[in-house]
Amino acid sequence: MPLIKTITNAFNSTVYVWNIQESEAWLRSGIELNQNSINRLFTMSSELHRRGFLSIRHLLDAAGYNDHDLFYDDHGKPHLRDGRNISITHSFEYTAVIVSDVATGIDIEKQREKIKRIAIKFIGYEKEYLSQSLNEVEDLTVIWGAKESMYKSISKKGLGFKEHCKVSKFEQKDQKTTCKAVFEGNTWHYEAFFTSFEDFTLVYILPATA
């Protein structure tokens, strides 16, 4: 069972990371899917997508939940029926979830050169300190992950990565930074935590405590 990483943090938060190595048949065993999930699974043409979907149900099990405890709102945001908060992410052969007492978000991304070509779409304030970056791909991936995590947590239509979300300057060795979103008269302050492994970057956010 490749539950490869478990991370705990404030607000009774736990991150679970899965490396998808198993067959689809193996992943379908030992879990019970609700009817909506069964219907969704049948619409997925990609085997890796299906395996990712199923591995997330195993992560739910590791967190003490099952597929019947999970539902999605009209915006596609996942929720747990007991009122706790959950965020989900999938990239290639990795999936991850975070479960917390507070609103949160998580993102996992493969570090790829192509992110430099699309940086103009999501980099605003951060351009000032990125000009001195010695790890541009890694730094851009952290920034994207933090902004994607904020978007997942806030879940408001029209929230823009470039216009409304800011990520403070950071060093890769620190594995954390601060970030905020300002939108429709509201401001959200977060701490962003990140780690890298196997050319992937995992980022998750929690409300700032100071």
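The values are calculated or read from the model by the stated rules, or taken from the named source; none is laboratory data. Since the model is a prediction, treat every value here as computed from it, not as a measurement. Note that we place each Cβ from the backbone using ideal geometry, even for glycine, and neighbour counts take in every protein chain shown.
Can we say THR14 is polar (S, T, N, Q), in contact with a Phe, Trp or Tyr (Cβ under 9 Å, 6 or more places away or on another chain) and outside any loop (DSSP other than H, G, I, E, B)? Answer is no for this residue. Screening ILE98, ILE38, ILE20 for residues that are modelled with pLDDT of 95 or more, outside the structural domain of VAL137 (by TED's automatic domain parsing), aliphatic (A, V, I, L, M) and under 14 Å from the mean Cα position of the chain (by Cα) leaves exactly one candidate, ILE98.
So, LEU33, is that one part of a helix (DSSP H, G or I), at pLDDT 95 or above, crowded, with 16+ Cβ neighbours inside 10 Å and aliphatic (A, V, I, L, M) or not? Quick ask: steps written out before the conclusion?
Details: part of a helix (DSSP H, G or I): no; at pLDDT 95 or above: yes; crowded, with 16+ Cβ neighbours inside 10 Å: yes; aliphatic (A, V, I, L, M): yes.
Taking the combined requirement at face value, the residue does not satisfy it.
Of all the criteria given as (1) assigned to a loop (DSSP other than H, G, I, E, B); (2) within 13 Å of the chain's Cα centre (by Cα), the one not satisfied by ASP82 is (2). Considering the stretch 12-47, and only residues there that are touching a strand residue (DSSP E or B) at 6+ places or on another chain (Cβ under 9 Å) and either free of Cβ contacts under 8 Å to residues at least 60 places away in the same chain or among the basic types (Lys, Arg) (or both), the residue that is nearest to ASN66 (Cα to Cα) turns out to be ASN34.
Only one of the numbered conditions (1) loosely packed, with under 12 Cβ neighbours inside 10 Å; (2) in contact (Cβ under 8 Å) with a residue 24 or more places away in the chain is violated by THR8, and that is (2).
Scanning for something touching a strand residue (DSSP E or B) at 6+ places or on another chain (Cβ under 8 Å), modelled with pLDDT of 95 or more and in a strand (DSSP E or B), does the stretch 138-150 turn up at least one residue? Let's see the steps before the verdict.
First, pick out the residues of the stretch 138-150 that are touching a strand residue (DSSP E or B) at 6+ places or on another chain (Cβ under 8 Å): 138, 141-150.
This time we only want the ones that are modelled with pLDDT of 95 or more, so: 138, 141-150.
Filter again for in a strand (DSSP E or B), leaving none.
Taking every residue of the stretch 138-150 in turn, none turns out to be touching a strand residue (DSSP E or B) at 6+ places or on another chain (Cβ under 8 Å), modelled with pLDDT of 95 or more and in a strand (DSSP E or B).
A quick yes/no check of all residues on (1) of a type in the set (Val, Ile, Thr); (2) under 15 Å from the mean Cα position of the chain (by Cα):
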residue	(1), (2)
GLU138	no, no
VAL142	yes, yes
TYR151	no, yes
GLY158	no, no
CYS165	no, no
GLN175	no, no
ALA181	no, no
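So, GLN175, is that one under 18 Å from ASP199 (Cβ atoms), surrounded by fewer than 19 Cβ atoms within 10 Å (Cβ to Cβ) and out of contact with any helix residue (DSSP H, G or I) (no Cβ under 8 Å at 6 or more places or on another chain) or not? It is true that GLN175 is under 18 Å from ASP199 (Cβ atoms), surrounded by fewer than 19 Cβ atoms within 10 Å (Cβ to Cβ) and out of contact with any helix residue (DSSP H, G or I) (no Cβ under 8 Å at 6 or more places or on another chain).
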